[in-house]
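Worksheet: the structure to be examined is printed underneath.
Laboratory data are not the source of any read-out in this text; all were calculated from the coordinates shown. Predicted, not measured: the structure shown is a model, and the values here were computed from it. With ideal geometry, Cβ positions are generated from the backbone for all residues, glycine too; neighbour counts draw on all protein chains shown.
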Amino acid sequence: MKSIWFLVLLVVVGIAAIDEVYGARECGKSSPDKEAFKLGPCASAAQDADALVSDRCCSLVKKIGQNPKCLCAIMLSNTAKSSGVILEVAVTIPKRCNIADRPVGYKCGAYILP
């Protein structure tokens, strides 16, 4: 019985170690899909280039935009796609928010952040 528990412990520790290695994702320990849910206030701005970008959306994008890999991964996530985000429109949000230190020129999928 002790050997079974030891084996279970090894498997759990192994999974945790693998998660740490692969946990160095674009958005840290959180997945881009989980982070995409946080950008709910940006939904209309990510679907319509003429939509007003809310202050809440801009503050969230500014925070996430400090890590352009994460921002791009969020825009390319399954959550964003299934919620109707149009990548061509979404990449314009940092500029529409007038974020001075936005990642200009960063390639995100087929698009480059303006």
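Listed by chain and number, the lysines placed with their C-alpha closer than 18 angstrom to that of LYS34 are LYS62, LYS63, LYS69, LYS81; residues fewer than eight positions away on the same chain are left out.
Here the 3J(HN,Hα) profile of segment 86-95, calculated from phi with Karplus coefficients 6.51, -1.76 and 1.60 at θ = phi - 60°, is 9, 3, 4, 7, 4, 5, 8, 4, x, 5 Hz, Gly and Pro shown as x.
Around the amide H of CYS108, modelled in the peptide plane, lie the amide H atoms of LEU113, all under 5 Å away and 5 or more residues distant in sequence or on another chain.
Each residue of segment 64-77 is assigned a 3J(HN,Hα), and the resulting list reads 6, x, 5, 10, x, 5, 5, 4, 5, 4, 5, 5, 8, 5 Hz, derived from the Karplus form 6.51 cos²θ - 1.76 cosθ + 1.60 (θ = phi - 60°), x at Gly and Pro.
Each residue of segment 39-47 was assigned a 3J(HN,Hα) from its phi angle through the Karplus expression (A = 6.51, B = -1.76, C = 1.60, θ = phi - 60°), giving 8, x, x, 9, 3, 5, 5, 8, 10 Hz with x at Gly and Pro. Going toward the positive end of the dipole of segment 30-112, with +1 on Lys and Arg Cβ and -1 on Asp and Glu Cβ, which of SER30, GLY105, ILE93 do you reach last? With unit charges placed on the Cβ atoms, the residue in question is SER30.
Normalised by the number of residues in segment 30-112, the average gap of Cα pairs under 8 Å and 6 or more apart makes the relative contact order 35 percent. Let a ≥ b ≥ c be the square roots of the eigenvalues of the Cα gyration tensor of segment 30-112; is it rounded (a/c under 1.5), or, if not, prolate (a/b larger than b/c) or oblate? Note, shape of segment 30-112 comes out rounded. In this label model, SER44 and LYS81 are separated by 2.7 nm, measuring between points 7 Å along each Cα→Cβ vector.
Among GLU88, GLU26, the order by Cβ neighbours within 10 angstrom, fewest to most, reads GLU88, GLU26.
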